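Asks: Pasting a structure here, questions to come.
The values are calculated or read from the model by the stated rules, or taken from the named source; none is laboratory data. A quick note: this is a predicted structure, and the numbers were derived from the prediction, not measured. A quick note on method: Cβ atoms are made from the backbone with ideal geometry, for glycine too, and the neighbour counts reach across all protein chains shown. SASA here: full protein model, heavy atoms, side chains in, ligands and nucleic acids out. Shrake-Rupley method; radii C 1.70, N 1.55, O 1.52, S 1.80 Å.
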Amino acid sequence: MSNFPFLSVLTVAPLVGALVVAFLPRRRPDLAKQVAFGWSLLVLALSVVMWVSFSADGDRLQFRESYPWIPTWDVNFTFAVDGIALVMLMLIAVLVPLVILASWHDADASKRSVPAYFALLLVLESTMIGVFAAADVFLFYVFFEVMLVPMYFLIGSYGGHQRQYAAVKFFLYSLVGGLFMLAAVIGLWVVGGKTFDWQALTQVDISTGTERWLFLGFFLAFAIKAPFFPFHTWLPDAGRAAPAGAAALLVGVLDKVGTFGILRYCLPLFPEASKWFAPWALALGLIGILYAALLAVGQSDLKRLVSYTSIAHFGFIGVGIFAFTTQAGTGAVLYMLNHGLATGLLFLVVGMLIARRGSSLISDFGGAGKLVPLLAGVLFFAGLASLALPGTAPFVSEFLVLIGTFTVNKPVAVIATLGIVLAAAYVLWMVQRTTQGTLNPELTEVKAMHRDLTLREKAVVAPLIALIVLLGFYPKPVTDVINPAVQATMQDVGKTDPAPEVGSVQEAAQ
Amino acid sequence: MTELKLPSIDYAAIAPILIMLGVALLGVLVEAFVPRRRRHLVQLSLSLLAVLAALVMVVLSADARLVTAGGALAVDGPTLFLQGTILVLAAMALLLIGERSVERGGAFVAQAAVTAESADDRQQAEGRNGATEVYPLTSFAIGGMLIFVAANDLLTMFIALEVFSLPLYLLCALARRRRLLSQEAAMKYFLLGAYASAFFLFGVALVYGFTAGIPGRSAGVDFATVHAAVNESPSSEVLLFAGMALIAIGLLFKAAAAPFHVWTPDVYQGAPTPVTGFMAACTKVAAFGALLRVFHVAFDQAAWDFTPVLGVVAVLTMLIGAVLAVTQTDIKRLLAYSSIANAGYLLVGVLAPTGAGVSGTMFYLAAYGFSVLAAFAVVTLVRDADGEATHLSRWAGLGRRSPFYAGVFTFILLAFAGIPLTSGFMSKFAVFGPALESGHAWLVVAGVLTSMVLAFPYLRVVVMMWLSEPGETTPTVAVPGGLTATALMIGVAATLILGVLPAPLLDLATDAAAFVR
């Protein structure tokens, strides 16, 4: 089964689905929704099969496929995944069907084509899978850029308030980062002997100055994508304007491309530069944790608030990556997964609240728990997961990041811990102002606010809640997959100063 | 009595040029002898057939690598690649020029000499068939371009420059609507073009002076002599530098590079849109073909001297094109500034002194030509009662009114912005790669930075079309006739195919990258 071309099929399948959905008659929106949902379930099923066929203690990159594309430049369609990419692919495969289910009525309100909305979601899934599955730098770049287009139209065409502004800002920010990366990609190609193959490029020795410039080119693109402070200002706007489902994918998956890129490209390809820039990256991460958390406390808009919490979480992931210990690295990757689940859930639940109330302002709510107790409960759970309460999955990852960092850099770990306190503040305060306290009389007048979770919405939140709890208590299946990949990455970074081996010392003594 | 020796001529190799110029002359006779109502059909088919025949001849002599006609023409890889490119793009442009169903009578005025805005003029705008002289004029221009990219000495190059420029000046003045703008454009283009030609000629004279006195050679302006003179000439290098600069000015004017770009927006706006497309695609190919030949064949030994200067010109061109594109409110002017910025990217490719630089530039030229012709094809379709609606505000909500054409135009804009899976991305890579390899990192960085700026105006148009609500003044998109539809589809298909599967054309360009001297 491991010879099956999983990655290319997984990349192409949603695209085919998107074409099918796009050409369904506009008058039958329900058919489009059902086809899109069914298609995303097929992708999920295939991903599960792939997950099972992946051998955790096997090669670093598995399911490798390679087809020639542009021989003149030695560009190939090379796909391969390590444990990190595999986890992200699973996250995509799980989130997309739920997002489609959650967005069932999102496009109805707009005057635009309903099938097109679901087709765009599937196109987005295809490009997201491609970006994580690519093992050719050129191919990665292609997916990295093309990914912008469906998201741009999702935000711009189906979004809410100030959607045009947000869509353009999102596109331009990402494009700016992407173009810096393009320059670095070409530079890497030239110094790497005109190849784009990731494995070949990791073997190339680059002079110190060039390596730092190339690192910066890649890092800038990823820091904007993630986003890290101070490149984060596009996310709250995009997160607020995007429809809730698209926002969940934007923050849950799309932004992980940034941190994934740092792990897959910056660290192994430019190990020396990564170490040289690590203090700066740690500083950006720390500032992000504290600054974004403080801003989150002050937000009056629910979706902006969730966006800012994400920026704070990305600070944690950044700290975990640049601490350069296997523990912190594993924690960071696990965080990428858990954050996708927890924040994805939070965005979807907040979307359900907003859809009922017709407003995303926190002050328009108040005591909503009395009207929709179940929804309020789920919001509370999502909030707790988001602040990394023990027992939920994010706790495991946050804890791993903190102890992994503490062993090498105590001040950073201590400052980062402050972020947990602030997280409690913004989450609990948000929950209190929306669902607890005295009932806002205006709420009772809104008819939709009397309807608690529907069956469809329950089907959306239940799997996420189950996964968050399950991974909170038993993260081993995931950490087993992540660990070897993170260890290999850390070895890449430390490859010039290998740790002394006990065996060789003894041999030398004899 | 000494026998007069005629130079040997390889007629097969120069057949494309002969065909185009021959048919252009024939077209003049058609104007004289064929009845008026049949002229349009006859002229259009004649020039299209000529372009196709010339293209066949180019393909047939694909392996030719020779200098012929007494050393006046060089038929080598770049010549054939660029001639083929010019001919394919010219065929698309001819389809746009020949379209008569979008606007009654076509995009051209019947009698250009009638006073603009007079009663007569308004009458002829209402539907009298356009002048058919445009076809022989276009054929002459194409023939001139074919010579221009094949010229093996500076004098032939100058003559070719004039042969293709003069018809273009006339074509610019023939727009059916907005006669004053059109005439102003033609006048401006003619006056500035005449200056540029004069600069070029003066540069040729100086270079001729510079080549005097090399041992074993007589003075001359053929590229082999100039190439030898750069190292061996006893004359002052001032002659070389001044000559090179003046020649460059003449060529950069045609290529629309800053600071010789000021004519571009006005001419692109005023000229009939099919002619604008023709200029943006074919003139660009011809001008950069000549630049490649002059700087890679004649002056290649002086690369140390001209690269910094031309590099500054390239940066300036990219910067001015990108920054001024941001402020435009007219789609044709926006595309003009975008074309200026693209000239800058092309210069980056020209300055890479390698075969990869040549092939990258040639790939860029072909890819850009297809996209820009498709873009202008869409511009001819978006119209209201007063002709084309070129003001950007009028394009608001076009995506709702005609999703297909708005989608096509969005795709082309994404190609201009260099998003992957479009030809625009591949061509950027094709020129930036060799540039970085030659150590011109500063040019690549400038290219990347200006691409960011340039993305904004493109995105603004996309936002206008898709994210704005249609207003009452939003024009409808005319149903294109078969000719425009064909040209548009070729352009869009090429933009997509070159973006997804660029390998065949890239290989072709790589194989054709070697010049003969």
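Asks: Under 6 Å by Cβ, and 6 or more places apart or on different chains, what pairs join a residue from segment B:421-440 that is facing chain A (nearest Cβ under 10 Å) and hydroxyl-bearing (Ser, Thr, Tyr) with one that is buried (at least 24 other Cβ atoms within 10 Å of the Cβ) and part of a loop (DSSP other than H, G, I, E, B)?
Replies: Close Cβ pairs (under 6 Å, with a partner that is buried (at least 24 other Cβ atoms within 10 Å of the Cβ) and part of a loop (DSSP other than H, G, I, E, B)) amount to B:Ser438/B:Ala352.
Asks: What number of residues within segment B:443-485 satisfy the criterion of being more than 8 Å from chain A (Cβ to nearest Cβ), of a type in the set (S, T, N, Q) and either within 26 Å of the chain's Cα centre (by Cα) or part of a helix (DSSP H, G or I) (or both)?
Replies: So the count comes out to 2.
Asks: A further question follows. Inside segment A:432-448, can you point out the residues that are more than 19 Å from A:Gly358 (Cα to Cα) and free of Cβ contacts under 8 Å to residues at least 24 places away in the same chain?
Replies: The one that is more than 19 Å from A:Gly358 (Cα to Cα) and free of Cβ contacts under 8 Å to residues at least 24 places away in the same chain: A:Gln432.
Asks: Another question, if that's okay. Quickly run through segment B:28-42 and pick out the residues that are surrounded by 19 or more Cβ atoms within 10 Å (Cβ to Cβ) and either closer than 20 Å to B:Leu146 by Cα or of a type in the set (D, E, K, R) (or both).
Replies: Matches in segment B:28-42: B:Arg39 only.
Asks: Same structure, new question: Do you know which residues across segment A:187-217 are more than 10 Å from every other protein chain (Cβ to nearest Cβ) and in a loop (DSSP other than H, G, I, E, B)?
Replies: Those that are more than 10 Å from every other protein chain (Cβ to nearest Cβ) and in a loop (DSSP other than H, G, I, E, B): A:Gly192, A:Gly193, A:Thr195, A:Phe196, A:Gln203, A:Val204, A:Asp205, A:Ile206, A:Ser207.
Asks: Same structure, new question: So B:Arg400 passes all but one of these: (1) open to solvent by 10 Å² or more (accessible area, probe 1.4 Å); (2) under 28 Å from A:Val176 (Cα atoms); (3) within 14 Å of another protein chain (Cβ to nearest Cβ). Which condition number does it fail?
Replies: In the conditions (1) open to solvent by 10 Å² or more (accessible area, probe 1.4 Å); (2) under 28 Å from A:Val176 (Cα atoms); (3) within 14 Å of another protein chain (Cβ to nearest Cβ), B:Arg400 misses (2) alone.
Asks: In segment B:43-65, how many residues are part of a loop (DSSP other than H, G, I, E, B) and either among the aliphatic types (A, V, I, L, M) or open to solvent by 50 Å² or more (accessible area, probe 1.4 Å) (or both)?
Replies: 4
Asks: List the residue pairs whose Cβ atoms are under 6 Å apart, where the first residue sits in segment A:255-278 and is more than 21 Å from A:Val131 (Cβ to Cβ), the second is in a helix (DSSP H, G or I), and the two are 6 or more positions apart or on different chains.
Replies: Pairs found: A:Pro271/A:Asp492; A:Pro271/A:Val493; A:Glu272/A:Glu211; A:Ala273/A:Glu211; A:Ala273/A:Arg212; A:Ala273/A:Phe215; A:Ala278/A:Phe322.
Asks: Give segment B:390-432 a look and list any residue that's of a type outside the set (A, V, I, L, M, F, W, C) and under 23 Å from the mean Cα position of the chain (by Cα), or say none.
Replies: B:Thr390, B:Thr410, B:Gly418, B:Thr422, B:Ser423, B:Gly424, B:Ser427, B:Lys428
Asks: With respect to A:Ala312, is the statement that it is at pLDDT 90 or above and in a helix (DSSP H, G or I) true?
Replies: Here the answer is no, as A:Ala312 does not meet what is asked.
Asks: Let me ask something else. Looking only at segment B:202-253, count every residue that is farther than 15 Å from B:Arg293 by Cα and among the acidic types (Asp, Glu) and tell me the total.
Replies: Count: 2.
Asks: (1) open to solvent by 10 Å² or more (accessible area, probe 1.4 Å); (2) within 18 Å of A:Phe314 (Cα to Cα); (3) touching a residue at least 12 places away in the same chain (Cβ under 8 Å): which one isn't true of A:Trp429, the others all being true?
Replies: (2)
Asks: Tell me, yes or no, whether segment B:492-502 has at least one residue that is outside any helix (DSSP H, G or I) and open to solvent by 40 Å² or more (accessible area, probe 1.4 Å).
Replies: Among the residues of segment B:492-502, at least one is outside any helix (DSSP H, G or I) and open to solvent by 40 Å² or more (accessible area, probe 1.4 Å), which makes the answer yes.
Asks: Just to check your reading of the model, which residue among B:Ala385, B:Ala356 is open to solvent by 10 Å² or more (accessible area, probe 1.4 Å) and at the interface with chain A (Cβ under 10 Å from one of its Cβ atoms)?
Replies: B:Ala356
Asks: Helices (runs of 4 or more DSSP H) wholly in segment A:45-156 with at least 2 residues that are at negative phi and away from every other protein chain (no Cβ under 14 Å) - which ones?
Replies: A:83-102, A:106-109, A:114-133
Asks: With the checklist (1) at pLDDT below 90; (2) open to solvent by 70 Å² or more (accessible area, probe 1.4 Å); (3) among the β-branched types (Val, Ile, Thr) in hand, flag the one item B:Ile9 doesn't pass.
Replies: (2)
Asks: Another question about this same structure. Looking only at segment A:120-149, filter to residues that are in contact (Cβ under 8 Å) with a residue 60 or more places away in the chain and open to solvent by 10 Å² or more (accessible area, probe 1.4 Å); which one of those is nearest to A:Val168 (Cα to Cα)?
Replies: A:Leu120
Asks: Regarding A:Gly159, is this residue of a type in the set (Gly, Ala, Ser), surrounded by 21 or more Cβ atoms within 10 Å (Cβ to Cβ) and at pLDDT below 85?
Replies: Against the criterion (of a type in the set (Gly, Ala, Ser), surrounded by 21 or more Cβ atoms within 10 Å (Cβ to Cβ) and at pLDDT below 85), A:Gly159 qualifies.
Asks: Taking segment A:167-186 as the search range and keeping residues that are facing chain B (nearest Cβ under 7 Å) and under 30 Å from A:Ser66 (Cβ atoms), which one is most open to solvent (accessible area, probe 1.4 Å)?
Replies: Among them, the one singled out is A:Phe180.
Asks: For segment B:403-420, give me the residue count where each residue is in a helix (DSSP H, G or I), aliphatic (A, V, I, L, M) and either within 10 Å of chain A (Cβ to nearest Cβ) or surrounded by fewer than 20 Cβ atoms within 10 Å (Cβ to Cβ) (or both).
Replies: So the count comes out to 2.
Asks: Moving on. Give me the residue from segment B:66-94 that is of a type outside the set (A, V, I, L, M) and outside any helix (DSSP H, G or I) and, out of that set, surrounded by the most Cβ atoms within 10 Å (Cβ to Cβ).
Replies: Among those that are of a type outside the set (A, V, I, L, M) and outside any helix (DSSP H, G or I), it is B:Asp76.
Asks: Which of the numbered conditions does A:Gln164 fail, given that it passes all the others? Conditions: (1) touching a residue at least 12 places away in the same chain (Cβ under 8 Å); (2) assigned to a helix (DSSP H, G or I); (3) within 11 Å of chain B (Cβ to nearest Cβ).
Replies: (1)
Asks: Here are some residues: B:Asp300, B:Asp330. Which one is within 17 Å of B:Ala435 (Cα to Cα), open to solvent by 10 Å² or more (accessible area, probe 1.4 Å), charged (D, E, K, R) and in contact (Cβ under 8 Å) with a residue 60 or more places away in the chain?
Replies: B:Asp300
Asks: A follow-up question, please. Give segment A:268-300 a look and list any residue that's aromatic (Phe, Trp, Tyr) and either on the phi > 0 side of the Ramachandran plot or over 22 Å from the mean Cα position of the chain (by Cα) (or both), or say none.
Replies: Hits for segment A:268-300 are A:Phe270, A:Trp276, A:Phe277, A:Trp280.
Asks: Among the candidates A:Asp492, A:Asp452, which residue alone is farther than 25 Å from A:Leu341 by Cα, of a type outside the set (Phe, Trp, Tyr) and either part of a helix (DSSP H, G or I) or at pLDDT below 85 (or both)?
Replies: Every option except A:Asp492 fails the conditions.
Asks: Is it the case that some residue within segment B:363-371 is open to solvent by less than 10 Å² (accessible area, probe 1.4 Å), modelled with pLDDT of 85 or more, within 30 Å of A:Ala22 (Cα to Cα) and aliphatic (A, V, I, L, M)?
Replies: Scanning segment B:363-371 turns up at least one residue that is open to solvent by less than 10 Å² (accessible area, probe 1.4 Å), modelled with pLDDT of 85 or more, within 30 Å of A:Ala22 (Cα to Cα) and aliphatic (A, V, I, L, M).
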